[in-house]
Structure formats: C-alpha cells, structure tokens
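Input: a single structure, listed below in structure tokens.
The values are calculated or read from the model by the stated rules, or taken from the named source; none is laboratory data. Every value quoted in this text rests on a predicted model; they were computed, and no experiment measured them. When we count neighbours, we look across all protein chains shown, and the Cβ atoms used for this are built from the backbone with ideal geometry, even at glycine.
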Amino acid sequence: MSQNKFKIWVEAARPKTLAAAFTPVLVGASIAWNDQLLSFDATMIALLCAFLIQIGTNFANDYYDFIKGADTEERIGFQRATASGLISPKSMLNATIISMSLAFLFGLYLVWIGGWIVLVIGLLSLLFGVLYTGGPFPLGYNGLGDVFVFIFFGIVAVMTTYYVNALEWSEATFWASLAIGALCTNILVINNLRDVEQDAKAGKKTLGVLIGERALKWEYTIMLAIAYAIPPHFYFRLEYEIWVFLPFVLLPIAILQTNKVWTETDKKKLNGLLERTARFMALFGILFAVGIILN
C-alpha cells in the first residue's frame, strides 16, 4: 500500500473521533484501578475492540451514506472517501467487515473472561454500529443516532470495561458513563448542526432536521451540564476525594465552546468545533480518570 493510499485510509477511519472509543475505556478502567480490580490484559483488549468498533462504524457510515446519497457535492463536513472516489464502495464495505470481524475475534477473549453477557453486549455493539447508517431502519437517519451514541459509547462502554476487569457491575461506572455518554453525544450534535441543511435534502432525519437547530444547541448545553454534574456526585454521594473535580479546570473551555455553538453562523467553522469537542471529551475523561485514581 502506497503512503498516499495509507493516508486516505487513516483519514477514512476518522482519527479525530477516536476519543469516543478511548475515553470510555479509560474511565471504566480507572474505577477498576481504584477498586483494586484492574486487569491490564482485559483493559487493553477492551480498548482495542473499542477502537475497531469505532473505526468499523466510521467505515460503515462512509459506505452507507454514499449508497443512500447523503454525501453530495454540497457537503461542508470533512471529506468522505467513498463519495469523493478515493476509495471504492466495495473496498469500504470490505474494510467495514474486516474491522468488525477483528473486533469480534479479539472480543472472544473478553467473552472467555466475562461470559455470555459480554458476548451479547459485544454482538449488539457490532450490530448497532452497522445499523447506525445501514439496514432498513438506520438509526442515524431516523433521529435515534444520539440515543445510540449515549447508550453504547457511554453507558455500555464504560460499564462493560469495568465488568471485564472486575467481573461485577459498579454503580460508580453507571454515573461516570453518563458524563462520558453526554460528551460523546456532543460530537454528534456538532456534526448534525453542521449538516442539518444537507441532511434535510438527503432525507436524513437527524434530530437537527426533526426538531431544529435551536434544539441541538440546547442539547449541546444540557449534555455539558450533565457531564459537569457527575464529579460533584462522585464527591458528595459516592465519597470520592476532591480530585474528582479536576475536570472543572476545563470549564472555561466548555463555556467558550458552548458560546460558539450558540453564536457561530458559518457552518464550515463547525468542523473545527467538532474537533475541539472530541478533544474536550478526551481531556475531560483523562482528568476525571486521574481524579478517580488519586482517590
């Protein structure tokens, strides 16, 4: 594979969104560490599977959005490899299958550790990763994309990471997952806010198309509020140390980004905000994990 072709595939994997795979595993593992139940092997395999599912989902989105005609010349978001002709539809579909298959194969180690419940969760994650834009009722085309992201990249990812370490469920991981799910959802909110006009023309009924741009701006604000409600819950209700407030050093950035969501009129500039929203999620997760570990 030439260097140029490799670069095209790397961009198609959308590395800027991979915070959505890394952060939930980090936070779930940090709680396992705090409970003295961390399994390095299980955490590393969980992280690998999370990356593969995220990349496979991105490849599937690239493929199905092209097939369904959602990616047109009017697109103002990041370049899509299939729609731009850089990668053939067949190659993108094959890449989707390979990524999801590898996630399944590596995930068998977690099934061996955690049993049938991990198998069910893993299969559902793979299935809904494809059904996000594929199948007869694609979630992303019917206003359910935000729900899928919140549940699978938040609640499921954080709690299951802890489970494959500790072989038990944790109340703390549920509350932590709400913060991570909210921040991950905000990546999608910016994506939908940027593309609302093009999505409407393509018949893609995202929440932005269904309930309007103002509602998306409120969604972004509320998701941030949810994220910032979790560290105080850890401190006051779960009796963690003051270190769990570390994510609050990012509060000025959160305020600036929220202001940008409400005031930016040039949709092309939302590409930069999408990157910063993903980066904010990663930084929040890192600081929160550090605060948990220092407990």
Legend entry - Any chance LYS205 is touching a strand residue (DSSP E or B) at 6+ places or on another chain (Cβ under 7 Å) and of a type in the set (D, E, K, R): yes
Inset, instruction - Filter segment 259-270 down to residues that are surrounded by fewer than 17 Cβ atoms within 10 Å (Cβ to Cβ) and in a helix (DSSP H, G or I), then give me how many there are. - result: 6
Inset, instruction - Report whether or not TYR64 is in contact with a Gly (Cβ under 6 Å, 6 or more places away or on another chain) and of a type outside the set (Asp, Glu). - result: yes
Inset, instruction - Scan VAL158, VAL189, VAL130 and give me the residue that is closer than 18 Å to TYR64 by Cα and of a type in the set (A, V, I, L, M). - result: VAL130
Inset, instruction - Report yes if VAL120 is touching a residue at least 40 places away in the same chain (Cβ under 8 Å) and in a helix (DSSP H, G or I), otherwise no. - result: no
Legend entry - Looking only at segment 2-20, and only at residues there that are more than 17 Å from the chain's Cα centre (by Cα) and at pLDDT below 90, the one that is farthest from LEU274 (Cα to Cα): SER2
Inset, instruction - Would you check if PHE236 is surrounded by fewer than 17 Cβ atoms within 10 Å (Cβ to Cβ) and of a type in the set (Phe, Trp, Tyr)? - result: yes
Inset, instruction - Quickly run through segment 47-58 and pick out the residues that are under 14 Å from the mean Cα position of the chain (by Cα) and either of a type outside the set (Val, Ile, Thr) or at pLDDT below 95 (or both). - result: LEU47, CYS49, ALA50, PHE51, LEU52, GLN54, GLY56, ASN58
Inset, instruction - Of the numbered conditions (1) touching a Phe, Trp or Tyr at 6+ places or on another chain (Cβ under 9 Å); (2) surrounded by 14 or more Cβ atoms within 10 Å (Cβ to Cβ); (3) assigned to a helix (DSSP H, G or I), LEU273 fails exactly one; give the number of that condition. - result: (1)
Legend entry - Residue that is farthest from LYS16 (Cα to Cα) [pool: residues in segment 150-186 that are surrounded by fewer than 24 Cβ atoms within 10 Å (Cβ to Cβ) and within 15 Å of the chain's Cα centre (by Cα)]: MET159
Legend entry - Qualifying positions in segment 233-265 - closer than 12 Å to LEU193 by Cβ and free of Cβ contacts under 8 Å to residues at least 40 places away in the same chain: LYS260, GLU264, THR265
